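Notes to accompany the following structure.
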Amino acid sequence: MNQTELIRNLEKGDVRAVARLLTLIEDEDEKAEPILKEIWELT
């Protein structure tokens, strides 16, 4: 799942997308920061 798909699925409330993002954050994956910056605007 790429960044765009992940964000789209997060917006839909997909539990798996939320879990995937949490895993990226916990693993300190470099992919997490741009996603967080983009979804911050949605909160």
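Taking region 6-21 only, how many residues are in a helix (DSSP H, G or I), loosely packed, with under 13 Cβ neighbours inside 10 Å and modelled with pLDDT under 95? Quick ask: steps written out before the conclusion?
Here is the first cut: in region 6-21, the residues in a helix (DSSP H, G or I) are 6-11, 15-21.
Subsequent filtering for residues that are loosely packed, with under 13 Cβ neighbours inside 10 Å retains 11, 15-16, 19.
Checking which are modelled with pLDDT under 95 leaves us with 11.
So the count comes out to 1.
Among residues that are in a helix (DSSP H, G or I) and β-branched (V, I, T), T43 is not included.
The values are calculated or read from the model by the stated rules, or taken from the named source; none is laboratory data. Nothing here was measured: the structure is a model prediction, and the numbers come from that model. Counting neighbours? That spans all protein chains shown, and the Cβs are built from the backbone with ideal geometry, glycine included.
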